[in-house]
Amino acid sequence: MLSKAAFVVLTMLTLTGAGSYFVLSDPAPQGIKPTAPSEGHSEAHAHDHDGEGKTAGADPHEHAKKDEPAEGASHSEAIKIDPGAARALHIDVLDAGSGTIRQTIDVNGRLTLDQTTTAEVKARFPGVIRSVVQQPGDVVQAGETLATIESNDSLQVYPVKSPVAGTVISRTTNVGELAGDGALFVVADLSKLWVELFVFARDGNKVKAGQPVRVRRLDDTAEADATLTLILPTADPSSQTIIARASLANAEGLWRSGMTVRAAIAHAETTVPVAVRSQAIQRVDGVNVVFVQTAEDTYQAQPIEIGISDGTWTEVRAGLTAGQRYVAANSFILKAEMGKAGAEDDH
């Protein structure tokens, strides 16, 4: 944790043919230290004097012009953070380089049970339910007894067993009821689910089996990768969308059948000369910036021009070159320090 907010003055200057950059001023709070300021600004003001010591040709407006820094001048100061503190804050740094950006189609979808590992369990013979052993939510193994039934023909009691391993999803019977042709239980393996994605007809020719998909929960607390396995040959009659299906691993149980999700289907890929992690990019005063590492303990905000993005990687068209080291994770910490300094400076 940074012990004291850095007083940072953020000034946008425009360089001819080089975009714009920020000037950072930091009065060296504890744990975050500025680099030494540049000595490039001259205080010299020439005055011509006559032989009697009087100023000749002195123009107060001319003095004012000489006091102003030249257009495009820079005396930038950068934030310094001890390497140990940076590690504790999980400020991860990567080398900028070429990357592959996926062109995606954003769609909505829903999670459903994987029908290949879901079973509707019925009675083998009609009869009376004598016991119900398992309840919804119980995890069972293949061959485990779910209930017992007394056959109407033989009056013998026989077990109803689960044909698959999984979780009991539903139970539709009680002790004393008659078992007929309907399903008594539904058992499903929840370690894998189906994702049904609704693709608009205009994008139908872009999606194909085998394409990667990034699936996100609506609350953005979980996301996972999946692969399209099937494009249904018919359209949904109510929405007139094409249904694309993907298989989603769910070993940790983060996903539930019935959930509405968002997804990005990658239908093409583009390689760009310079790309950065999308989470590295921060917005400061309406400008996209990344924090570059100029020394082991020194970071500085650098404006960039961004291009295409797939949410994970973003193209950088200007402002950053391959090989430059930038803060790829938790760059918001540096932005927050700049925001604190700006708020304090207003007072």
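Give the average over all directions of the projected area of the C-alpha convex hull of the range 124-180, one decimal, in nm².
On the way: hull surface 14.0 nm².
Mean shadow area of the hull around the Cα atoms is 3.5 nm².
Magnitude of the Cβ-charge dipole of the range 77-176, K/R +1 and D/E -1, about the Cα centre, nearest 20 debye? Mind showing how you got there, number by number?
Details: 9 positive and 11 negative charges, 79 e Å.
Dipole magnitude for the range 77-176 comes out near 380 debye.
Where in the range 251-284 does the amide nitrogen come within less than 18 Å of the point 7 Å from the Cα of Arg110, taken along Cα to Cβ?
255-263
Taking Cα pairs under 8 Å and at least six residues apart, what relative contact order does the range 194-347 come out at, in percent?
19 percent
Hand me the tally of lysine pairs in the range 121-271: alpha carbons under 28 angstrom apart, and the pair either on different chains or 8 or more positions apart.
On the way: Lys122/Lys161; Lys122/Lys192; Lys161/Lys192; Lys192/Lys206; Lys192/Lys208.
So the count works out to 5.
Put a dot 7 Å past each Cα toward the Cβ at Thr260 and Leu232; how far apart are the dots in nm?
Label at Leu232, label at Thr260, 1.8 nm between them.
Let me check I've understood the local charge: for Val195, count other residues with C-beta under 13 angstrom from its C-beta, Lys and Arg +1, Asp and Glu -1. What total comes out? Display every interim value, and only then the final one.
Numbers: positive: Arg110, Lys192, Arg214, Arg216, Arg217, Arg245, Arg256, Arg262; negative: Asp114, Glu196, Glu223, Asp225.
Surrounding charge for Val195 is +4.
At 1.4 Å probe size, what's the solvent-accessible area of Ile304? Round to the nearest 10 Å².
For Ile304, the solvent-accessible surface is approximately 20 Å².
Out of the range 107-201, which GluC sites (Glu not before Pro) are coil in DSSP terms and have no more than 13 other C-beta atoms within 10 Å?
Details: sites: Glu120, Glu144, Glu150, Glu177, Glu196; in loops: Glu144, Glu177.
When the GluC sites (Glu not before Pro) of the range 107-201 are filtered for loop state and at most 13 Cβ neighbours within 10 Å, Glu177 remain.
Kindly sort Arg283, Arg262, Arg87 by accessible area of their heavy atoms, largest first, with the probe set to 1.4 Å.
Working: Arg283 125, Arg262 75, Arg87 170 Å².
Putting Arg283, Arg262, Arg87 in descending order of accessible area: Arg87, Arg283, Arg262.
Along the charge dipole of the range 71-164, which of Ser162, Ala78, Gln103 sits closest to the positive end, that is, farthest toward it, with unit charges on the beta carbon of Lys, Arg, Asp and Glu (+1, +1, -1, -1)?
Farthest along the dipole direction, towards plus: Ser162.
Taking N as the number of residues in the range 103-223, what is its alpha-carbon radius of gyration divided by 2.2 N^0.38 Å? Working shown, then result.
Working: Rg = 19.9 Å, N = 121, 2.2 N^0.38 = 13.6 Å.
Scaled against compact globular proteins, the figure is 1.46.
The values are calculated or read from the model by the stated rules, or taken from the named source; none is laboratory data. Everything quoted here is computed from the prediction, not taken from an experiment. Virtual Cβ from ideal backbone geometry, glycine too; neighbours counted across all protein chains shown. With ligands, DNA and RNA removed, areas are computed over all heavy atoms of the protein, side chains included. Shrake-Rupley method; radii C 1.70, N 1.55, O 1.52, S 1.80 Å.
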